[in-house]
Amino acid sequence: MLKHKKLIIACLLILLPLLDSLFIPTAFGLQWHNAKSMYLLSAYMMPIKLILVTIGGFLLASHGHPHHDEPRVWYAKLFDISFFILAGIQFIVLAIISALYLVVGTQADDYRQQGNISVYTSDVGAFGKATHYFSYQCTDKNGFYTLTPIATLDWLGSFTFSEKANTLIIKHDDHSGKGEQIKPIDISGFGCKY
């Protein structure tokens, strides 16, 4: 009975981090405070996931081998091998991501918030072209938020933004020689119900 409990715990420690990484949005899908906070929570959870997967792998490896007079069926061996491989792959990926966060740092500066306007900038410094995702954030009394997309814009260079009279005003300079430019976006259709 103890062997079965150890095996179940090992499988859960291997599967839960995988499910959170692959199928559930950042930090178990929580949307609390703002997108930057959730990103940082997700980044800080990487070493925790690594520890959970490592413990799960050790429990799986040590959950006990049957006595020689108790032959194991082929599917039990296949199950153990599959989960051990899954734990190994996760360990490698999570270790690399954790090391990158430690050496390079996080991308928390790619998230900006001002009033109800939230901006995420993707591909900063990457080979692809950077994109800005502007969203309207509504936060309830418990601190949970929802984001409604406003606009997706190509690289703006250095920019500031503000909200005035149902208009999102973006001042930017993409260093193309045109100087500071202003891009107004109508946000009269956006608002919070609570």
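Miscellaneous remarks
- Dividing the summed -39500 (n - 2.57) terms of all DSSP H runs of n ≥ 4 by the residue count of the chain sets its mean residue ellipticity at 222 nm at -14500 deg cm²/dmol.
- Which label in (1) 19.0; (2) 17.2; (3) 20.2 gives the computed Kirkwood radius over Cα pairs in Å: (3)
- Added length on full extension, which subtracts the Cα-Cα distance from 0.36 nm per residue, Thr152 to Asn166: 3.2 nm
- Ranked Val119, Val103, criterion: other C-beta atoms within 10 Å, fewest first: Val103, Val119
- Counted residue by residue at 0.36 nm each, then reduced by the alpha carbon distance between them, the extension gain from Leu30 to Asp174 reaches 48.4 nm.
- Unpaired by the 4.7 Å Cβ criterion, cysteines found in the chain: Cys11
- Label point of Ala130 set 7 angstrom out along Cα-Cβ; within the stretch 94-108, amide nitrogens under 19 Å from it belong to 104-108.
- Computed from the C-beta positions of Ile96 and Tyr75, the FRET efficiency with R₀ = 30 Å rounds to 0.40.
No value in this document is a laboratory result; all are computed from the given coordinates. Bear in mind the structure is a predicted one, so any value in this text is a computation, not a measurement. All Cβ positions, even for glycine, are placed from backbone atoms using ideal geometry, and neighbour counts span all protein chains on display.
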